[in-house]
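Below is one structure; the comments refer to it alone.
Since every read-out is calculated from the coordinates, none of them should be taken as a lab result. Model, not experiment: these values are computed from the prediction. Here Cβ is always computed from backbone atoms with ideal geometry, including for glycine, and neighbour counts include all displayed protein chains.
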Amino acid sequence: MTTDQYLMPTNTIEATHPLVTATAKELTQGLNTDIEKATRLFYFVRDEIRYNIYMISMFEEDFRASFIMEAKKGYCVQKAVLLCALGRAAGIPTRLAFAKILNKRVPEKLYKRVKTNIFPAHGYNQLLLEGRWISAAATFDKELCEMTGVPTVEFDGRNDVLLPNLALDGGPYIEYIKRFGPETDLPLNWIVGRTSEIWGDDKRAWLRPKDENNVLDRGIGRAE
């Protein structure tokens, strides 16, 4: 199996960007195995990069790993791009994967904005660990999950971990409707084609501090 393409940098998966390489080196220092390294990188992206659905963008520069690092927030695809870059910087073959999902706990405020609870281009990662591609969704940070009553996604480097189908109260949460094949690079045109119908073709990432003030603005919400 040829994996060289899953270690290479791209315009968005900036595996050789100084900020990305320095972060990967700092996070994995002293760790011996790829599983240990992948786990550390996963939790960094899950919790240190706060989830915010309003970071959705139609423009390539808003998906660059260095931009996401500096913004310290992102939505699922941006967080997956960053984990992909960090994984590659740490020498772990890493790729992007996508799915069409149904979120059964979309908050009323978000639903009024987008008029749907189906998200056609949810992004996550696959990392090559001990000879197997392991899927991992570092989407929602722990703080947000605790505030909204949904399980955090826990990663051990050995088992696939995607968004859960049940919330902590036992109610329905995420349903994976369709999964799409893995990608070496960010398929921006494909993402824009699917998400612009919901958000408009001029949507840019929101960077204003007030966007963080309301948990509902981070896009996962409670069952309302």
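Of note:
- With θ taken as phi - 60° and the Karplus curve 6.51 cos²θ - 1.76 cosθ + 1.60 applied, the whole-hertz 3J(HN,Hα) list for region 13-18 is 7, 7, 5, 10, 5, x Hz, x standing for glycine and proline.
- Computed from phi, the 3J(HN,Hα) profile of region 34-46 under the Karplus parametrisation 6.51, -1.76, 1.60 (θ = phi - 60°) reads 5, 5, 4, 5, 4, 5, 4, 5, 4, 5, 4, 5, 4 Hz, with x in place of Gly and Pro.
- Report summary: the helix-based calculation at 222 nm, which adds -39500 (n - 2.57) for every DSSP H run with n ≥ 4 and divides by the residues of the chain, gives -9500 deg cm²/dmol.
- Surface/4 estimate of mean projected area, convex hull on alpha-carbon atoms of region 1-55, nm²: 5.2 nm²
- Among Lys178, Lys37, Lys79: highest mean-square fluctuation, GNM of the chain, C-alpha pairs under 10 Å: Lys178
- Karplus 3J(HN,Hα) series, Hz, for region 174-180 with 6.51 cos²θ - 1.76 cosθ + 1.60 (x for Gly, Pro): 10, 10, 7, 7, 8, 10, 10
- Using 0.36 nm per residue and subtracting the Cα-Cα separation, the extra length available between Thr184 and Glu146 on full extension is 10.4 nm.
- The spread of Cα positions in the chain, taken along each principal axis and listed from longest to shortest, comes to 45, 38, 32 Å.
- Spin-label model distance (nm) - Arg194 vs Gln29, 7 Å beyond Cα toward Cβ: 3.9 nm
- Maximal additional length on extending the Arg113-Met8 stretch stands at 34.1 nm, based on 0.36 nm per residue less the C-alpha distance.
- Exposure proxy ranking for Cys84, Cys145, Cys76, based on other Cβ atoms within 10 angstrom of each Cβ and starting from the fewest, stands as Cys145, Cys76, Cys84.
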